[in-house]
């Protein structure tokens, strides 16, 4: 019979699924009515993220890829950055770390151009996580440091603590335990100041694990107990299981077998109730070790077999999931190819449209140049004709003036001549007078 808290968990998960499904349906209805604009980009990214939250990364890709294509077409940098980050997450979750990094670096370039420091720090953090998955701890540290520096500049306390913890994990893997402890303590102090209880419990548990490796058993027990106290207060059941297993293993090292058994049984009880399968495997393995030292070989064998059975089921589940992922990857790659084809088609159309616009603009410029040239030519020609007419008018006026002067001179000379010459009548009169005499 299911326990009450297991029933509550199932109800909670069911309600969460209904709520997410309702939000998704609402976004899909809105998407159908949207045009080819930035609002559509935002809707596509929101849908991609909703499907990402449910772990359906194939559906997530179906909306993230078109969001990227449309953002590029619209030259919408903010949408392009968000789509690139989402695609980076998809490929990381699918284990294609090289493709994930390609998208993250493209997103980083855009974020650096925009100057959004919080976004830059987030992308750097994502890149660091991928490099850590690739076991390239040097690069993982480098990008974590770059992310941390920016978070410190903008005083992002939550981000600073997360980066410090991420770096502590790397230092622990490098067996640089003192540095790992220092970073965990810094993270814990920040989380204490900002009252991030879940984060504090995580840091405390990390510190306890390092102390346990170093053989500082009392310190390890103190920190893991404090971590358990916080996790139980905030009802972090899975975290509490991890703390109980850690406590059992520490008591086992101290040879306090009764206390170790009690802590391990508690972890088994919670893991069963909430179906924490991997934690249940570790709890049974710890109990098997405890019963060996207690010389209770029957119980030791029982818990060992339970641990192996769970381990094998996990392996089978992993194989089933791998086969399922191979099938999904085929569909995913096919959809990716189609999306790439659509993207290339959109780019071709955009280039053709841009070429057409350039031709229209060039033709318009040529026509405008010819019109302006004709106007300038007509204006210059009119001015020249006006000047020529003015010159002719002036020459005519000068010619007429000279002609008038010549005529006036002639008339004046004639008058003088007339005045000086004796008339024909006068001469005849005197001749006749002389004849009579």
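Nothing in this text is a laboratory measurement; each read-out follows from the coordinates by a stated rule. Worth saying up front: this structure is predicted, and the values here are computed from it rather than measured. Here Cβ is always computed from backbone atoms with ideal geometry, including for glycine, and neighbour counts include all displayed protein chains.
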When you check residue 247 against the structure, is it surrounded by fewer than 16 Cβ atoms within 10 Å (Cβ to Cβ) and assigned to a helix (DSSP H, G or I), yes or no? no
Output the number of the condition that residue 52 fails; it satisfies all remaining conditions of (1) in contact (Cβ under 8 Å) with a residue 12 or more places away in the chain; (2) more than 17 Å from the chain's Cα centre (by Cα). (2)
Subset of region 278-310, residues part of a helix (DSSP H, G or I) and exposed (fewer than 15 other Cβ atoms within 10 Å of the Cβ), comes to 278, 293, 297, 298, 301, 305, 308, 309
If we ask which residues in region 92-109 are outside any helix (DSSP H, G or I) and free of Cβ contacts under 8 Å to residues at least 12 places away in the same chain, their number turns out to be 2
